[in-house]
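What follows is one structure encoded as structure tokens, with my remarks underneath.
The values are calculated or read from the model by the stated rules, or taken from the named source; none is laboratory data. What you are looking at is a predicted structure, and each value in this text was computed from that prediction instead of being measured. In this analysis, Cβ positions are derived from the backbone assuming ideal geometry, glycine residues included, and neighbour counts consider all displayed protein chains. The accessibility values were calculated without ligands, DNA or RNA, using every heavy atom of the protein model including side chains. Shrake-Rupley method; radii C 1.70, N 1.55, O 1.52, S 1.80 Å.
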Amino acid sequence: MVVFRVANVDDVPAIRRISLALGQAEEDSGSDAGYVRFLLSSGTVMVAETVSGSSVIAWGAVKQSRGRSMLTDLFVDPDHQARGVGAGLLRRLWPSGPREPARFTFSSRHPAALPLYARAGLVPGWPLLYMSGDRTRLAAPDGPAHLEVRRVDAATAASADMQLASAGYADVADVSRLAADYRWWGRGQPHSGLIVIDGARPVAAGAATRNTLAHLTCAEGQNAAPAVIAALLTLDAPEVTLCLPGPHPVVRDLLEAGFRIDDFDISMRTPDVDLRPTWVYSPGIG
Ligand SMILES: CC(C)(COP(=O)(O)OP(=O)(O)OC[C@H]1O[C@@H](n2cnc3c(N)ncnc32)[C@H](O)[C@@H]1OP(=O)(O)O)[C@@H](O)C(=O)NCCC(=O)NCCS
């Protein structure tokens with residue numbers, strides 16, 4: 001027998017244990033206590049527990065992202081997989097059923113993951129490529145697409161992002177939620193936000209740490225590739241990482257500069273959700 005309940009901060013060690021057992025040792029995963037606390041404060045985190053031993057055997061979370069519900073994580077302890085626990089947890093996290101609109105996730109390639117999300121009403125789209133490489137091998141974008149990158153605080157970048165993504169309309173609550181995501185992406189560093197400018201016009205906004213371009217919203221297709229390159233060139237570390245939609249026009253440029261594709265997830269969304277292929281995404285937060 002398994003029970004499902006809303007998680008709290010006391011579940012952080014169990015979530016870490018499950019995540020490590022599944023090989024999730026990196027930042028922005030369940031083994032990162034800061035990430036789980038961020039989800040507890042900004043989304044809905046649930047766990048599955050055995051009735052007999054009161055032991056936590058699975059966890060998952062959903063979070064609002066630009067008016068849509070994003071499934072950020074769904075993980076079942078390896079000893080308890082393939083017994084309906086993942087499906088049961090998903091039904092609690094998304095209780096309105098497969099017809100509920102405005103939902104998305106980035107699915108792993110585990111054989112049970114994509115079928116679970118497809119039954120929940122999501123359709124698969126492009127792969128989200130986890131890429132890494134040496135940014136010093138990238139040529140600075142020049143010519144008509146010459147772009148300037150301003151490093152700014154998280155709130156300023158979030159507000160520019162919202163203007164770009166919503167073509168001028170920005171709801172106050174959405175901006176404040178997005179600013180929290182930006183603070184998380186930048187790990188609280190003072191100039192973790194960035195705005196890419198063409199002349200006097202912002203064309204992209206995002207967030208970065210010293211070695212990761214965590215997110216980039218780019219309004220126009222023609223600036224998408226040069227904006228990513230310009231943003232990567234401002235990072236401190238030479239070895240950098242980012243996650244890109246397979247059809248993003250910069251993928252080929254990065255591969256030509258020696259970047260690698262280390263892994264990939266599959267984007268999945270309800271049919272009403274437009275996941276733009278010209279953005280840089282964070283697999284956990286969107
Ligand atoms: C993916 C995961 C969350 C699923 O949870 P689970 O408890 O193992 O899965 P469930 O038993 O609830 O359901 C899986 C369903 O997929 C079906 N399934 C499994 N492999 C399948 C395949 N190759 N094709 C079609 N369906 C398949 C199963 O038959 C089952 O459906 P059923 O209950 O109607 O028979 C879990 O296996 C897990 O944590 N995997 C490792 C981490 C991971 O990749 N997580 C996903 C992150 S996006």
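Annotations for the structure displayed:
- Theoretical ellipticity at 222 nm over the chain - DSSP helices of four or more residues, -39500 (n - 2.57) apiece, nearest 500: -8500 deg cm²/dmol
- Put simply, when 113-123, 214-224 are sorted by average Cβ atoms within 10 angstrom per residue, most first, you get 214-224, 113-123.
- The separation of region 235-254 from region 66-117, counted between C-alpha centres, amounts to 27 Å.
- Cut-off 11 Å between beta-carbons: net charge of the residues surrounding Leu254, Lys and Arg +1, Asp and Glu -1: +1
- Calculated accessible area for region 1-122 comes out at 47 Å² per residue, all protein chains present (probe 1.4 Å; ligands, DNA, RNA ignored).
- Formal net charge of residues neighbouring Leu235 (Cβ-Cβ distance under 14 Å; K, R +1; D, E -1): +2
- Prolate/oblate/rounded label for region 2-95 (Cα gyration tensor, a/c 1.5): oblate
- Diffusion coefficient (Stokes-Einstein, Kirkwood radius over C-alpha pairs, 4 °C, 1.567 mPa s) for the chain: 67 µm²/s, rounded to a whole number.
- Residue-count net charge about Gly86 - beta-carbon cut-off 13 Å; Lys, Arg +1, Asp, Glu -1: +2
- Once the gyration tensor of the Cα atoms in region 185-286 is diagonalised, the equivalent ellipsoid follows with semi-axes of 19, 17, 15 Å, ordered largest first.
- Student exercise, the chain dipole from Lys, Arg, Asp, Glu Cβ charges, in Debye to nearest 20: 600
- About the centre of its Cα atoms, region 130-269 shows a dipole size close to 180 debye [charges on the beta carbon of Lys, Arg (+1) and Asp, Glu (-1) only; nearest 20 debye].
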